[in-house]
Amino acid sequence: ETKPWQNLVMGGISGGFGPAVNNPLDVVKTRVQKQVIIPGQPPKYGGLFSSVILIAKEEGVSALWKGLTPRLMRIMPGQAITFMTYEAVSKKLHEFNIIPPIGK
């Protein structure tokens, strides 16, 4: 049985994995959308893989995670609270037999 603070921590940590994994794709997407296309010249950012390689080469691999800190500061607290609340409500619903025990 986990304590509420443990659920809070687990929810926050698990809520941070999605943005951390997805951030490079968001960086590439933003670069592709924001680039200025000059007629007659190829765009700087083309496809996904070529853009990832170009960003890593020009700015370093860590550039693929630019903007991650504000995203984590926005997403992790909400996920932490959501998971802790879900577990607390679920526990109470089981205690009052509103939801039958798991596996029965």
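The values are calculated or read from the model by the stated rules, or taken from the named source; none is laboratory data. Since we're looking at a predicted model, the values are computed, not measured. Neighbour counts are summed over all protein chains in view; Cβ atoms, including those assigned to glycine, are modelled from backbone coordinates with ideal geometry. Side chains included, ligands, DNA and RNA excluded: accessible areas come from the protein's heavy atoms. Shrake-Rupley method; radii C 1.70, N 1.55, O 1.52, S 1.80 Å.
Please report the accessible area of Ile102 (heavy atoms, 1.4 Å probe, ligands and nucleic acids excluded) in Å², nearest 10.
Its accessible surface works out to 150 Å², give or take rounding.
Projecting each Cα onto the charge dipole of region 1-60 (Lys/Arg +1, Asp/Glu -1 at the beta carbon, about the Cα centre), which of Gln6, Phe49, Pro19 comes out farthest on the positive side?
The listed residue farthest towards the positive side: Phe49.
For Ile13 and Leu54 in one chain, what is 0.36 nm times their gap in residues minus the Cα-Cα distance, to one decimal in nm?
11.7 nm
So how much accessible area does Val36 have, in Å² to the nearest 10, using a 1.4 Å probe?
We get 120 Å² for Val36.
Using every Cα-Cα pair within the chain, state what percent have a distance larger than 19 Å.
The calculated P(r) of the chain puts 60 percent of pairs beyond 19 Å.
Tell me the net charge near Ile98. Cut-off is 13 Å between Cβ atoms, Ile98 excluded, with +1 for each Lys or Arg and -1 for each Asp or Glu.
+1
Please identify the DSSP H helices in the chain that span no less than 20 Å along the helix axis (Cα) and have a mean Kyte-Doolittle hydropathy of -0.5 or more.
Qualifying helices, which must be both long enough and hydrophobic enough, are 4-34, 68-95.
Provide, for the chain, the number of lysine pairs with alpha carbons under 14 Å apart, each pair being eight or more places apart or on different chains.
Total qualifying Lys-Lys pairs in the chain comes to 6.
Output the relative contact order of the chain, whole-number percent, from Cα pairs under 8 angstrom with separation of 6+ residues.
Relative contact order, the chain: 44 percent.
Tell me the mean residue ellipticity at 222 nm calculated for the chain from its helices only (DSSP H runs of n ≥ 4, each -39500 (n - 2.57), averaged over every residue, nearest 500).
-24000 deg cm²/dmol
Order Glu58, Glu1, Glu87 by their accessible area, 1.4 angstrom probe, all chains in place, largest first.
Glu1, Glu58, Glu87
Roughly how much of Phe17 is accessible, in Å² to the nearest 10, using a 1.4 Å probe?
Only protein atoms counted, so the area is about 130 Å².
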